[in-house]
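K.L.:
Sending over a structure as structure tokens; questions will come in a sec.
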Amino acid sequence: MGPARLENIVIVADVAIDHIITPTSREDYDSLVKNANNYSELFRLVTERNILYTKQLGGPLPNLAQYLSTRDRSVSGYAVVGDDPQTQEYIADLNRLGVNTNRFTTNPGKTAECIYIFSSPTENYPPIWIPNASSKAPSTLPFDFFNTHDVLLVSGTKLNLARRTIQRFSRIIVYNPGPEVLSESNPNEILSLLDKVNVLSLNEEERKHICKILGLAPKDLFDQFPSLNYLLTTKGSEGASMRYRLPGSSTTCGIEQDLSKFEHRTPVEQIVDTIGAGDAFLAIAVDQILRNYKPDDILLQATLAAQNSLKHKGAYIPRLWETDATAHSGIIETD
């Protein structure tokens, strides 16, 4: 796909900043879910009621960046954010993680956040997502900035922003649409989104949705989209699969990672939550695709990263930059 010297990756993430809030009791969990409608209100409630909680960054940008950083990739980010104290703290943490946030766009007086609320310490109750994405992406995008990078990685963002960004980028494009794509039922819109994509990463539901809209089987996507070289599909507890185009040929092959036979599968009692496992999977897959690793190795290493992610809140290992990143990444080198 490309030489190993491709180092600079720009991640275009959602306008929302994600935080994971972990109350320590079921009573507090129920109270927050019932009464908190946005991030500011959540913090007002936990302060007034002296609720014990832990807070952690989440979302595609830090989740992807932390794994790419362990692989010595240079990462920049683009997002529309607020200028409130919590957002500034988030940006400072991204900078400590090594993410270049110089081209973030700020909406003065706005917040742009989402909240995941969990019951602690294990996922005994479903995660609750409270959105508060009050800002919108601007109509003018810094394409000069995007095209100074080798790789564009668009993950979990609004479809119109993804489309405009992908259509103007001139190098390697990785697209992970996330649940946004499930709201799209117009074949022409899907076609315009995927026309230039080189690596497409979906969960099984998203892949079925796209194939149904276009009237294609997964293998036929490669005929429809000549630029597509890799189709990654995560399947939750069943594992993952990858279809790929053979170099110099229109022929495609497919491989599966069946977790029922996977010796490194995370024991159920060690699973903290599943949010972010897809980000971990994608980041390692992208890194190894850029290094021209064998398809079997790509799928194995990406699956290992996802399995390791299950042991932590989100894909985001707490304060990764304050530890030995490689030791905590759970990723086996194959080169």
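The values are calculated or read from the model by the stated rules, or taken from the named source; none is laboratory data. Everything quoted here is computed from the prediction, not taken from an experiment. In this analysis, Cβ positions are derived from the backbone assuming ideal geometry, glycine residues included, and neighbour counts consider all displayed protein chains.
K.L.:
Tell me the residue from D72, D14, D30 that is more than 16 Å from the chain's Cα centre (by Cα), part of a loop (DSSP other than H, G, I, E, B) and either under 19 Å from G314 (Cα atoms) or of a type in the set (D, E) (or both), please. Spell out the reasoning first.
P.N.:
Numbers: D14 fails: more than 16 Å from the chain's Cα centre (by Cα); D30 fails: part of a loop (DSSP other than H, G, I, E, B).
Result of the check over D72, D14, D30: D72.
K.L.:
Filtering the range 104-121 down to residues that are out of contact with any Asp or Glu (no Cβ under 8 Å at 6 or more places or on another chain) and modelled with pLDDT under 90, which residue is nearest to D144 (Cα to Cα)? Please lay out each step first, then the result.
P.N.:
Going through the range 104-121, the residues out of contact with any Asp or Glu (no Cβ under 8 Å at 6 or more places or on another chain) turn out to be 104-105, 112, 117, 119-121.
Checking the rest, the ones that are also modelled with pLDDT under 90 come to 105, 112, 117, 119-121.
Details: T105: 15, A112: 25, I117: 38, S119: 43, S120: 44, P121: 45 Å.
By that ranking, first place goes to T105.
K.L.:
I'm trying to understand the selection: among the residues of the range 50-86, which are more than 20 Å from N176 (Cα to Cα) and surrounded by fewer than 22 Cβ atoms within 10 Å (Cβ to Cβ)? Please lay out each step first, then the result.
P.N.:
Filtering the range 50-86 for residues more than 20 Å from N176 (Cα to Cα) gives 50-56, 70, 72, 81-86.
Residues satisfying the conditions are N50, I51, L52, Y53, T54, K55, Q56, D72, D83, D84, P85, Q86.
K.L.:
Moving on. List the helices (runs of 4 or more DSSP H) that sit entirely inside the range 184-293 and contain at least 1 residues that are loosely packed, with under 14 Cβ neighbours inside 10 Å. Explain how you work it out, then say what you get.
P.N.:
Details: elements: 187-194, 204-214, 221-224, 277-290.
Counting at least 1 such residues, we get 187-194, 204-214, 221-224.
K.L.:
If you take the residues of the range 17-27 that are under 26 Å from D279 (Cβ atoms) and surrounded by fewer than 22 Cβ atoms within 10 Å (Cβ to Cβ), which of them is nearest to the chain's Cα centre (by Cα)?
P.N.:
Looking only at the range 17-27, we keep the residues that are under 26 Å from D279 (Cβ atoms), and these are 17-24.
Imposing the further condition that a residue be surrounded by fewer than 22 Cβ atoms within 10 Å (Cβ to Cβ) reduces the set to 22-24.
Values: T22: 21, P23: 24, T24: 27 Å.
So, considering only residues that are under 26 Å from D279 (Cβ atoms) and surrounded by fewer than 22 Cβ atoms within 10 Å (Cβ to Cβ), the one nearest to the chain's Cα centre (by Cα) is T22.
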